[in-house]
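The values are calculated or read from the model by the stated rules, or taken from the named source; none is laboratory data. Model, not experiment: these values are computed from the prediction. No Cβ is skipped: glycine too gets one built from the backbone with ideal geometry, and neighbour counts run over all protein chains shown. With ligands, DNA and RNA removed, areas are computed over all heavy atoms of the protein, side chains included. Shrake-Rupley method; radii C 1.70, N 1.55, O 1.52, S 1.80 Å.
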Amino acid sequence: MTKIIGIIQARLASIRLPKKVMLELVGKPVLWHIYNRLKQCSTLSEIVISTGEYKNNKEICDFTSANNIPLFIGSENDLIDRLYKTALNYNADAIVRITADCPLVDPKIVDTFVTKFLEKNQPFDIVTNCEKRTFPHGLDIEVISTKTLKKLWEEIKEPELREWFPFFIQKNPNMFKILNMENNNDQSKLRWTLDYPEDYEFLKQIYKNLFHTQKTFYMQNILDLLKKFPKLKEINSKYVDHHNIGAPKI
């Protein structure tokens, strides 16, 4: 049986919104919500928080310990090394990579992507929705085989690309068999991620309106809410085209 784990990639080193992964939404840290949303996935064997050096991320480490959440501590900046070694440590055949600025990650969509990845007649190295974006920004998902992580770990030499390895994949698409999953409607102009104070205000409103009625709500519930209260989209709309913030110019 193929073992697939969810990896929540999290550090405290955020400049625009300090310690954003520990900010609270309806009384619980962002990390808590991401972990518990992914726990609803039927296709994931385990959910692990993968962080950088302990001295820089003590608050994350203390949080995982207090909440009995699996933790892997790896390189602070060599992300491909951290992800690959997390996968090896948990004997995973593949991972689902979720960044810790995505507290609206949808477990139904994750399960759909993993199911596609597991299709035997079309084995993919990577199943993603980040090559061509049609989902709201903040529902970013990458399913990556451990063999592919190993290949990236061996091939990438530049330190910048070892941290921003998706750029290497984009520059070398012929090295991998990639499936980009597209949404039924292009909703790439919706911003549901967490980078700026305005994003935090937006997310607080989403949780305030939805979390009390159902602990796990989904993309369609959020779309319905935004249709009912369209002004919510204006809270962080000025950042709608901000992607890969802080990325090097490669």
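Expressed as a fraction of 2.2 N^0.38 Å, the value expected for a compact globular protein of N residues, the C-alpha radius of gyration of the range 148-250 is 1.39. Put a dot 7 Å past the Cα of Val26, heading toward its Cβ, do the same for Asn185, and the two dots end up 2.4 nm apart. If the chain linking Lys177 and Lys55 were pulled fully straight, counting 0.36 nm for each residue of separation and taking away their Cα-Cα distance, it would gain 40.2 nm. Entry note: the range 187-232 has Rg to Rh equal to 0.94, where both radii use alpha-carbon atoms and Rh is the Kirkwood radius. Entry note: the range 116-204 has Rg to Rh equal to 1.03, where both radii use alpha-carbon atoms and Rh is the Kirkwood radius. Helical runs (DSSP H, four residues minimum) scored at -39500 (n - 2.57) apiece and divided by the length of the chain put the mean residue ellipticity at 222 nm at -10000 deg cm²/dmol.
Here the alpha carbons of the range 3-60 define both size measures, Rg and Dmax, at 12.3, 36 Å. Spacing of the modelled spin labels on Ser237 and Thr213, each 7 Å from Cα toward Cβ, amounts to 2.3 nm.
Rounded to 0.05, the FRET efficiency of the Asp224 and Thr115 pair, given R0 = 30 Å and the Cβ-Cβ distance, is 0.75.
Solvent exposure of the chain, expressed per residue, is 48 Å² of accessible area, with all protein chains present and a 1.4 angstrom probe. Charged neighbours of Asp111, selected by a Cβ distance under 14 Å, balance to +2 (K, R count +1; D, E count -1). When Trp192, Trp153 are compared by accessible area at a 1.4 angstrom probe, the order from most to least is Trp153, Trp192. For the chain, the equivalent ellipsoid derived from the alpha-carbon gyration tensor has semi-axes of 26, 21, 19 Å in decreasing order. A Cα-only calculation for the range 8-98 places Rg and Dmax at 12.7, 35 Å. Computed about its Cα centre, the charge dipole of the chain is approximately 380 debye, with only Lys, Arg, Asp and Glu carrying charge at their Cβ.
Placing pseudo-labels 7 Å out from each Cα toward the beta carbon at Lys132 and Asn77 gives an inter-label distance of 3.6 nm. Surface composition of the range 4-144: carbon and sulfur atoms hold 47% of the protein heavy-atom accessible area at a 1.4 Å probe. If you sort Lys85, Lys3, Lys20 by accessible surface, 1.4 Å probe, largest first, the order is Lys85, Lys3, Lys20. For a straight C-alpha distance cut-off of 28 angstrom, the lysines reachable from Lys208 (same-chain residues fewer than eight places away being disregarded) are Lys19, Lys20, Lys28, Lys39, Lys108, Lys189, Lys227, Lys228, Lys231, Lys233, Lys238.
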